[in-house]
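One structure is given below, encoded as structure tokens.
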Amino acid sequence: MRELGLGESELWKSDESIGLLSAPTEIHFSITEKCSLRCQHCYTDGGDTLPDELEIEKLKRALDIFAEMKVFRLAFAGGDGLERAELFELAEYARSKGIIPNFTVSGINMTPEIAKKMKVFGQVNVSIDGAGKEYGIFREQEMFEFADNAVDMLLEAGVPTGINCLVGRRNYDGIENLFKYAAEKKVNHISFLRFKPAGRAKTLYDKEKTTHLQNISLFPMLKKLSKKYKLEIKIDCSFMPMIFWHDSAQESFKNITRYGCEAGNVHWLMQSNGIVTPCAFLNNAPSFSIFDIKSNPHQVKYFERIKNWIKSAPQPCSSCDHLNICKGGCHGVAEFVTGSFYESDPDCPFVVEYKKANNFIANQEIENELN
Ligand code: SF4
Ligand code: SF4
């Protein structure tokens, strides 16, 4: 924060803990892996219930622990959280402990009665990757009607409602249409998420990930459309290199209050069996049971790993002005594509240009990257 020129605070005076929080601010809190849709691109492999899924009393104990740690927000995750009858009881419990619960729905199983109960959440987003034929690129096209109805029911019930859009190369051109739809509905924002390789999405990654040209044009397009349709945008942490290509870290932070890879520091994932990992997109990260938290140093160790990475980051990250905020882009993508957590995000525009300039990419690969 000091480097960004955003003022002084007692909170960041200790140089010993540069960038390391005493607790995460946000938890992705999975209460079940069960989901009847089994989408082909699901990053958590949602489908069947885990054999060791926690009972409600243990989930409440996990919430007690997060409340003691002074976590601010929970994103109820899955699977489909609506598959568990205790969803609303858990959300109320989180509220009673001073944690704001948020939720994402596909739209299936939504009714006006359920929509009213959703008022317990601070924000509910409906997954809609496009308002026309682009909706059906990752999901069943017929599901659009359910998603559209869910938006109406949530808004009618007075629930703060937004849209989650997973951005891949084939629905990219439908983004303006989605803005138009979202503005007509009067949702409060659209969140743009990068197509990343985890769960079942791993097998689709090469085919569906955004192209280099799309990565470069994404941020100017979103800014323009946000202004045109007077609609707020939120952008996934893994898209930060694509933003830094255009904006300084300071400008980006002011505009979208977003930072780069903070897995294991600003946010954690808790699976429905109580296992905590830094992020759903890191396949080989250390994990531990939430009930062992007091004796477990993994959070510190994990973030030490990123801090140490910054000290010995490879080029072009090591000489990049955005390194301290970006932290090398998405390490989940790097790990999947290169086999190493320690590489730079291979889709960062600076990384692609650096490899081209230094002949690290063969001509054919450059063609593939650019298209
Ligand atoms: S070069 Fe590295 S630090 Fe800079 S924006 Fe790209 S991934 Fe982030
Ligand atoms: S690995 Fe880092 S950048 Fe990628 S999704 Fe997780 S926290 Fe975000």
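The values are calculated or read from the model by the stated rules, or taken from the named source; none is laboratory data. Bear in mind the structure is a predicted one, so any value in this text is a computation, not a measurement. Please note: Cβ atoms are built from the backbone with ideal geometry, for glycine as well, and neighbour counts cover all protein chains shown. For the accessible areas, the whole protein counts, side chains as well, though only heavy atoms, and no ligand, DNA or RNA atoms are used. Shrake-Rupley method; radii C 1.70, N 1.55, O 1.52, S 1.80 Å.
Structural remarks
- Within the range 42-61, the set of residues being more than 14 Å from ALA280 (Cα to Cα) and not in a helix (DSSP H, G or I) comprises GLY47, ASP48, THR49, LEU50, PRO51, ASP52, GLU53, LEU54, GLU55.
- Filter result (charged (D, E, K, R) and modelled with pLDDT of 90 or more) within the range 195-205: LYS196
- Residues being closer than 21 Å to GLN123 by Cα, in contact with a Ser or Thr (Cβ under 6 Å, 6 or more places away or on another chain) and open to solvent by 30 Å² or more (accessible area, probe 1.4 Å) - total across the range 144-188: 1
Condition check ((1) out of contact with any helix residue (DSSP H, G or I) (no Cβ under 8 Å at 6 or more places or on another chain); (2) touching a residue at least 24 places away in the same chain (Cβ under 8 Å); (3) acidic (Asp, Glu); (4) within 16 Å of ligand 1 (Cβ to nearest atom)) across all residues:
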residue	(1), (2), (3), (4)
LYS202	no, yes, no, no
TYR229	no, yes, no, no
GLY260	no, yes, no, yes
LEU269	yes, yes, no, no
PRO286	no, no, no, no
SER289	yes, no, no, no
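- Remark: pairs (first residue in the range 321-335, in contact (Cβ under 8 Å) with a residue 24 or more places away in the chain and among the hydrophobic types (A, V, I, L, M, F, W, C); second residue open to solvent by 10 Å² or more (accessible area, probe 1.4 Å) and near ligand 2 (Cβ under 7 Å from one of its atoms); Cβ separation under 7 Å; 6+ apart in sequence or on different chains) = CYS330/LYS196; CYS330/CYS261; CYS330/PHE281; VAL333/LYS196.
- Looking across the range 298-340, the residues that are open to solvent by less than 10 Å² (accessible area, probe 1.4 Å) and within 10 Å of ligand 2 (Cβ to nearest atom) come down to ILE306, GLY328, GLY329, HIS331, GLY332, VAL333, ALA334.
- Residue in the range 350-361 that is modelled with pLDDT of 80 or more and away from ligand 1 (no atom under 16 Å from the Cβ) present: no
- Count - residues of the range 172-218 that are within 16 Å of ligand 2 (Cβ to nearest atom), in contact with an Asp or Glu (Cβ under 7 Å, 6 or more places away or on another chain) and part of a helix (DSSP H, G or I): 2
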